[in-house]
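Undergrad: To start, I am sharing the structure in question, which I have written as structure tokens.
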């Protein structure tokens with residue numbers, strides 16, 4: 001077109017011939033733009049086809065082992081239907097623990113794991129303490145991550161968990177020092193002036209003829225151990 005334009009400016013071609021050339025140029029530009037639009041639509045259709053093609057191949061989002069297959073060739077599927085269950089090795093052991101142990105288990109501690117069905121003994125680490133107690137069972141959930149993840153673990157296996165409990169000091173008194181008053185239990189405590197005071201306490205477990213005191217008595221306080229049947233609240237110890 002530029003060459004033809006130069007010829008027109010040099011009066012080598014007529015105005016009519018130049019107008020015809022301009023018309024041909026406009027038609028060529030129009031066809032080029034239409035071709036670009038067709039190319040864009042073709043690319044969009046190709047992308048859609050490739051997207052649909054991707055649905056024909058099922059890929060796991062992580063490395064693992066197919067533990068369960070819920071579909072066969074030719075079966076119909078529905079949205080949300082699980083086709084496969086894949087175990088990737090990131091196992092967690094969940095176990096309910098009595099509420100009385102909630103302050104004796106710590107996150108990060110190493111515990112013993114035993115799978116009797118496989119004859120496996122290994123260790124794990126406490127990762128989570130769910131401190132919300134289940135009101136029906138009075139237990140809370142503890143989650144443990146096995147240290148050796150390739151040690152034969154499979155989802156759904158029964159695992160026994162052994163927790164190393166934190167040590168705690170026990171306040172123990174002889175059984176015979178406990179005084180019963182109906183449903184209440186008390187201890188005769190002697191103050192610095194030798195005055196006897198009956199103090200009600202909350203008891204725990206019994207250990208070798210002694211009773212654990214959970215509350216109501218402090219370490220180092222003097223108590224009446226023998227002769228409690230003759231002791232009187234407000235009385236004095238004979239010097």
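Undergrad: Between residue 148 and residue 128, what length in nm is gained on full extension when 0.36 nm per residue of separation is reduced by their alpha carbon distance?
TA: On the way: separation 20, 0.36 × 20 = 7.20 nm, distance 1.80 nm.
Full extension from residue 148 to residue 128 adds 5.4 nm.
Undergrad: In what sequence do 32, 55 fall when counting other Cβ within 10 Å, fewest first? Can you show the working numbers first?
TA: Values: 32 10, 55 7.
Result, fewest neighbours first: 55, 32.
Undergrad: If I stretch the segment between residue 83 and residue 180 completely, what's the gain in nm (0.36 nm per residue apart, minus their alpha carbon distance), one decimal?
TA: On the way: separation 97, 0.36 × 97 = 34.92 nm, distance 6.53 nm.
Contour length minus Cα-Cα distance gives 28.4 nm.
Undergrad: If you build a Gaussian network model of the chain, linking Cα atoms that sit under 10 Å apart, which residue out of 90, 216, 162 swings the most?
TA: Judging by the Gaussian network model, the answer is 216.
Undergrad: Using alpha-carbon pairs under 8 Å, 6+ residues apart, how would you state the relative contact order of the chain in percent?
TA: Numbers: 317 pairs, mean separation 28.6, N = 239.
Averaging sequence separation for qualifying contacts and normalising by length gives 12 percent for the chain.
Undergrad: Want the number for residue 27 to residue 71: 0.36 nm per residue separation, take away the alpha-carbon distance, what's left?
TA: Working: separation 44, 0.36 × 44 = 15.84 nm, distance 5.70 nm.
Once the chain is fully extended between residue 27 and residue 71, it gains 10.1 nm.
Here, each number is a calculation from the coordinates, and none is a lab measurement. Everything numeric here is computed off the predicted structure, so don't read it as measured data. We place every Cβ from the backbone using ideal geometry, glycine too, and count neighbours over all the protein chains shown.
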